[in-house]
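First the structure, in the form of structure tokens, and then the observations on it.
The values are calculated or read from the model by the stated rules, or taken from the named source; none is laboratory data. These numbers come from a predicted model, not from an experiment. We place every Cβ from the backbone using ideal geometry, glycine too, and count neighbours over all the protein chains shown. We work out accessible area using only protein heavy atoms, side chains counted, and drop any ligands, DNA or RNA first. Shrake-Rupley method; radii C 1.70, N 1.55, O 1.52, S 1.80 Å.
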Amino acid sequence: MVDIKPPTSENPSVIVPVNPAIEAYMRDLVEKTDHPVLLEMEELAVQKSFPIVNRLIGVFLETQAKMIGAKHVFEFGSGYGYSAYWFARAVGADGRVICSDGNGENKDRAERFLTSAGLWDRVAFNVGMAGDIFARTDGLFDICYNDVDKGEYPDIWKMARERIRPGGLYIADNVLWHGRVAVEHYTDIVLGWTEAIVAHNQMIFNDPDFDAFINPTRDGVIVARRKDG
């Protein structure tokens, strides 16, 4: 995994997709989701400048999963379990969230956080390259969630799309890359990542087997539904 700054690092050439005042209002609306574990995970993200989806997208992920009755979720890139918290809540006691991350310390943190939240028994956390773990995992998924290094986004999409059941979802974070996808001149975090995200988004919207939409909240989340039949 590449050691990077968060996608919202200071950059005068990029765009904030949603006005911060609007996001603050939306955050107030979901205050009821406050939980000691979440607050601790969010504080850790601030302390370490660790890129998590944060509260608004977490609630969005849980809602999307519940809307399709998801029971089987695969995460490409799980960090220390923030997004898995929301998916684990959605899949219920009989569901499974398969996590992947290249850092063993993140697994230890995830186990501590998700155990405290009563969700660890719904999670299978694997340390290693997400694509390799996915290739070793059998079956179709209700949701494939992508939050790996951004240069890998096109390859992850190609890999995941065939393993999503009809009516299931492909979801990826950071698809607006703090506005870099929409401007001519920008400073990228890692050379080629913006181009990879642009290609990834275009492939999804051009795929006749999926319906797609981008939620511009935070750093942009794409949701693509595999068509039935």
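Shape summary: segment 152-210 maps onto an equivalent ellipsoid whose semi-axes, from the alpha-carbon gyration tensor, are 24, 11, 9 Å in decreasing order. The largest accessible area among Leu169, Leu140 belongs to the first residue in Leu140, Leu169, and the rest follow in falling order (1.4 Å probe, all chains).
Computed with a 1.4 Å probe over protein heavy atoms only, the accessible surface of the chain comes to 47 Å² per residue.
Mean silhouette area of segment 26-134, derived from the convex hull of its C-alpha atoms and averaged over all directions, reads 6.6 nm². Taking a quarter of the surface of the Cα convex hull of segment 106-229 gives a mean projected area of 8.9 nm². Of the accessible area of segment 79-224, computed with a 1.4 Å probe over protein heavy atoms only, carbon and sulfur atoms account for 50 percent. Once Rg and the Kirkwood radius are both taken over the C-alpha atoms of the chain, their ratio Rg/Rh works out to 0.93. Please check which bits of segment 38-59 a label hung off Ala21 would reach, taking the label as a point 7 Å along Cα-to-C-beta and the cut-off as backbone N under 20 Å. From segment 38-59, the list is empty. Note on the chain: helix-only mean residue ellipticity at 222 nm, from DSSP H runs of 4+ residues weighted -39500 (n - 2.57) and normalised by residue number, equals -11500 deg cm²/dmol.
Only lysine pairs 8 or more places apart or on separate chains count here, and in the chain those with Cα atoms under 30 Å apart total 23.
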